[in-house]
Each structure stands twice: as C-alpha cells, then as structure tokens.
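**Student:** To start, I am sharing the structure in question, which I have written as structure tokens.
The values are calculated or read from the model by the stated rules, or taken from the named source; none is laboratory data. A quick note: this is a predicted structure, and the numbers were derived from the prediction, not measured. Quick reminder, even Gly has a Cβ in these numbers, built from the backbone with ideal geometry, and neighbours come from all protein chains shown. Each accessible area value is taken on the protein alone, full model and side chains, heavy atoms only, with ligands, DNA and RNA left out. Shrake-Rupley method; radii C 1.70, N 1.55, O 1.52, S 1.80 Å.
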Amino acid sequence: MRAAVLALVSIVLAAPAAGARVPAGKLAFLDGGRLVVVDLGSGSRRVVATHVSGAVGVSGDGKLVSVGGRIVGGPKLEKGKLVWAPTGETAAFQTPSGAVFTWSPAGGRRLVVDASWGATSFAWGRHGELALGRSICRVPCGVPLHQEVWIRRNGTLRRVAGPLRGVQLPRIAAVAGDGRALWWSDLQGSASIAADGLPLYANRVRVADSLVYPDYVSVCGSHLAVAAGGDRYAMHGKRILFDGRDVSRDPSRSWVSPACSADGTRLVAAASVNTTPPRIGREHRSIWQLLPTRRRLTTAPAGWSDEFPRLLPDGSVLFVRTRSHSTRTELWGVGTVELLRGGKLSALGTAGRASNYYGHYDWPDVVAVAP
C-alpha cells in the first residue's frame, strides 16, 4: 500500500461553542484514496491521510483512526485485520504469521497468542474481553486440530466452544452483551457454502443462520439483532431477529444491516423488495425503524439505495446513499454519507468504493463510526 500519511495528525477536531450540547462521536470514511474524519458534534471535517487504502477503523474514544493497519499519526501495525476495542484506545491485530497482538499508545504491542496457537479471527466485547477462533492445520492437513472458540478476559484464556467435530472453522463475529462469543461455523472451510449463509452460535448455542457479514450482527447492550436467512442474494429472504424474535414481520421485503441503540430500545435496518433479482446493483433499499415503533425513515431516489444504517447515541441515523457501478468483471458502490438528525438530512461527504457481492455492499470496510 502506498501511503502518505500526515505525520502526527491530531484528530481531536474543533470543539463546539461553549455551552453547546451536542452528541459526541467521530466518523471516518474513505473518499477515493483520502481518509476523511468528521466530528459529529461540531460538524468539523478534515482529510487526515491521502493515498491510503484498506479497512477503516475508529478507536472507542474516537481519538484515533486507522486505515489498512496503519494508525494515523502513529505506527503501521499490519496490513491484515485490525479491530478497535469499543472503549479507549486499544486495537487488536494479527501478523502475517498468525500471532495476535494488542496495541495502545500507552502500552505499545502486547502478545495475546503466538502464531502456533492458530488464531482464525477475533472480536472485542464491551468489557474489554477478546473472543478468538482457533484452528490448527498442518500440511498434510486432513481434519484441523483444536477447532475451538475462546474468550480472553483479564489476561486469561477460557475455552467456550469446541473442540468442534469434522471441519468447522470458527469465524468470530462479535461478543454478546452477556459475554458469550458470537461466531459462525464455517463448514468445510468452503467459500461456496459460506456464501449461502452459516450457522451463528453464542458459545455453544445456535442462534440463527445468516450471511457472513459484520453488519448482519449487531450487539446492543444485553440484546442481539441478527439479519437471519440463507441464500447469497441479500435481496432475498432476510428478516431481522431481535433476541430471537422476528421484528421485521414483513416478508414482502428483505431486511438487512440491523443497528440498535446501546440499551436496545431502538432498532433500525435497511430493506429492499424481497426478490431474487435478475441483475445485481438495483437494490433500492430504504432505512426503516423497527423499534420501538415501525416507520420508514428514508426513500432513496431512483437509481440509488440507502445502505448500512448506524445509530448514534442521540438517536440520529447515519447511512450511505449508494449508487451502483460495474464493469464486466466488477461491481461496486459509491455514495454519500448521510446524517438523518431531527428529521433533516445532511450529506457529510462522498465515500467509496464498496464492493457489491450479491447485493451486499462492503461499507463496513469503508465507513467507521465511534462510539
């Protein structure tokens, strides 16, 4: 990755006027090769890095941003997965050899598990716990060893699922509010099988079947929202389960990308018509509120689709109004990041590009918000 990152950039943006009461929060997104950060309280907007690529992240306190494994104004960790803890300024990342570390400005790098442990994936919980999938495969492999799910809490590892039978590669999705690890069982380690959905577990309890996308699982305090349903077409047969209960209750639409408030009292999602489309790229989704009451929040213009809603602490909704683009071999979306606050819609900038796979846009890699 070619990166020209502004040295030692502070992203603590301009403070609001004295006495002003505005919600906290930072938004980061890629606009081509530029990394843009918006203060959602003051509305300040800055480009903090140029010529960058990779997944975008924001620290739990909103003070640091990352892109493609690089901390803006700080070290380059790894090109692979980097995940910020929900509070503070700690990130977890994995090296090419497979070792998992944490990093913070105060503590630097600290080893979680070494390469021989066999970490497959990981996710943070709200109390600082780290869920890790494990699978060890040595050539010739056959059935992998130690296919398990673990939770690391206060420096101690505890197994919460497995050993798993056959070939079940554990892919960590999140950590539930009660501390259970949420993970998909990747049967046979097959991309083809996974494309049509995998069983999602909470420790050893099967919760639902869903497509393997980060925005299809949303933890809200002690509650859990899941976009459930198999079939790789995101426009077909999806519904929103909230604590196991179908709250979408409308099979004429396919419901995806749930997002809920920290106390679980409010829930939003994106919805299209329920169909197996003859052509990908015509999703034309709208954003709906499902809890506490049902109402339609947006209607995208013709040729556009409202994607990836995120709820802010003040009840405002962020989403990406997306237009599809394609070549003979690629399909992707470019859109405007929109803020719906107090019934008014404000465009915060242009984001892209997000790959489209059977009607799902990879906006979680392009747009990040904290808290």
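**Student:** Region 65-217: percent of C-alpha pairs farther apart than 20 Å?
**Tutor:** The share of Cα pairs beyond 20 Å in region 65-217 comes to 48 percent.
**Student:** Which value, in debye to the nearest 20, gives the size of the charge dipole of region 286-325 about its Cα centre, when Lys and Arg are +1 and Asp and Glu are -1 at the Cβ?
**Tutor:** Rounded to the nearest 20 debye, it is 120 debye.
**Student:** Report the extension gain between Leu157 and Val273 in nm, rounded to one decimal, defined as 0.36 nm multiplied by the number of residues separating them, less their alpha carbon distance.
**Tutor:** 37.3 nm
**Student:** Could you give the dipole magnitude of the chain about its Cα centre, charging the beta-carbon of Lys and Arg +1 and that of Asp and Glu -1, in debye to the nearest 20?
**Tutor:** Around 120 debye, computed over the chain.
**Student:** Find which of Ala225, Pro292, Trp304 sits farthest along the positive direction of the dipole of region 202-359, computed with +1 on the beta-carbon of Lys and Arg, -1 on that of Asp and Glu, about the Cα centre.
**Tutor:** Trp304
**Student:** Counting pairwise Cα distances across the chain, what percent come out greater than 28 angstrom?
**Tutor:** Counting pairs separated by more than 28 Å, the tail of P(r) holds 44 percent.
**Student:** GNM, the chain, Cα, under 10 Å: largest mean-square fluctuation among Pro140, Pro309, Pro75?
**Tutor:** Evaluated over the chain, the most mobile residue of the options is Pro140.
**Student:** Can you list the HN-Hα couplings for region 259-276, worked out from phi with the Karplus curve (6.51, -1.76, 1.60; θ = phi - 60°), rounded to whole Hz and with x for Gly and Pro?
**Tutor:** 9, 9, 6, 4, 9, x, 7, 10, 9, 10, 7, 9, 9, 10, 5, 8, 7, 8
**Student:** Which trypsin sites (Lys or Arg not before Pro) from region 100-141 combine a DSSP loop assignment with at most 14 other Cβ atoms within 10 Å?
**Tutor:** The qualifying sites are Arg138.
**Student:** Right, another one. So, with a 1.4 angstrom probe, what is the percent of accessible area on the chain that is carbon and sulfur?
**Tutor:** Carbon-and-sulfur percentage of accessible area, whole number: 52.
**Student:** Shifting gears a bit: For all pairs of alpha-carbon atoms in region 63-112, what percent lies in each bin of width 5 Å, listed from the first bin to the last filled one?
**Tutor:** Pairs per bin, as whole percents: 5, 22, 38, 25, 8, 1.
**Student:** Based on DSSP H runs of at least 4 residues, each adding -39500 (n - 2.57), what is the mean residue ellipticity at 222 nm of the chain after dividing by all its residues, to the nearest 500 deg cm²/dmol?
**Tutor:** Only helices count here, giving -500 deg cm²/dmol.
**Student:** Mind giving me the nanometre distance, one decimal, between the label points for Lys79 and Val47, set 7 Å out from Cα along Cα→Cβ?
**Tutor:** Going by the 7 Å Cα→Cβ label model, 2.5 nm.
**Student:** I've got another one for you. Specify, per residue and in Å³, the volume enclosed by the convex hull of the alpha carbon atoms belonging to region 129-284.
**Tutor:** Per residue, the Cα convex hull of region 129-284 comes to 118 Å³.
**Student:** How about Lys26: which lysines have a C-alpha closer than 18 Å to its C-alpha, ignoring those fewer than 8 places off in the same chain?
**Tutor:** Lys63
**Student:** Which whole number in µm²/s is D for region 80-157 by Stokes-Einstein, with the Kirkwood Rh taken over Cα pairs at 25 °C and 0.890 mPa s?
**Tutor:** Answer from the Stokes-Einstein relation: 188 µm²/s.
**Student:** May I pose another question? Find which of Pro163, Val205, Phe93 sits farthest along the positive direction of the dipole of the chain, computed with +1 on the beta-carbon of Lys and Arg, -1 on that of Asp and Glu, about the Cα centre.
**Tutor:** Of the listed residues, the answer is Phe93.
**Student:** Another question, then. Considering every pair of different Cα atoms, what Kirkwood radius, in Å, is found for region 96-136?
**Tutor:** Across region 96-136, the inverse of the average 1/r is 11.0 Å.
**Student:** Region 292-334: which trypsin sites (Lys or Arg not before Pro) are DSSP loop and have at most 11 other beta-carbon atoms within 10 angstrom?
**Tutor:** Answer by residue number: Arg328.
**Student:** 5 Å is the cut-off here: which amide hydrogens, built 1.01 Å from N in the peptide plane, fall below it relative to Ala262, excluding neighbours closer than 5 in sequence?
**Tutor:** Long-range HN contacts for Ala262: none found.
**Student:** Given a 1.4 angstrom probe, what's the average accessible area per residue across the chain, in square angstrom?
**Tutor:** Normalised by residue count, the accessible surface of the chain is 44 Å².
**Student:** On alpha-carbon atoms, Rg over Rh for region 125-167 using Kirkwood Rh?
**Tutor:** Reported Rg/Rh, Kirkwood definition of Rh: 1.09.
**Student:** Can I ask one more? Heavy atoms of the protein only, probe of 1.4 Å, neighbouring chains included. What is the accessible area of Thr90 in Å², nearest 10?
**Tutor:** Only protein atoms counted, so the area is about 40 Å².
**Student:** For Val366, what residues show an amide H to amide H distance below 5 Å, using hydrogens built from the backbone and excluding near sequence neighbours?
**Tutor:** Hits under the 5 Å cutoff: Val56.
**Student:** Another question, if that's okay. Go through region 185-235 and name the trypsin sites (Lys or Arg not before Pro) that are in a DSSP coil and have 16 or fewer other Cβ atoms within 10 Å of their Cβ.
**Tutor:** Those that pass, being in a loop and sparsely packed, are Arg204, Arg232.
**Student:** Run the numbers for Leu345 and Asp263: contour at 0.36 nm per residue of separation, minus the present Cα-Cα distance, in nm.
**Tutor:** Extending this stretch completely gives an extra 27.1 nm.
**Student:** How much length is gained on full extension from Ile136 to Asp196, taking 0.36 nm per residue of separation minus their Cα-Cα distance?
**Tutor:** Fully extending the segment from Ile136 to Asp196 adds 19.1 nm.
**Student:** Using each residue's phi in region 76-84, evaluate 6.51 cos²θ - 1.76 cosθ + 1.60 at θ = phi - 60° and report the 3J(HN,Hα) Karplus result to the nearest Hz, with x for Gly and Pro.
**Tutor:** 8, 8, 9, 6, x, 6, 10, 10, 7
**Student:** Give the Rg (one decimal place) followed by the Dmax (whole number) of region 204-278, computed from C-alpha coordinates and expressed in Å.
**Tutor:** According to the Cα coordinates of region 204-278, Rg and Dmax are 11.8, 40 Å.
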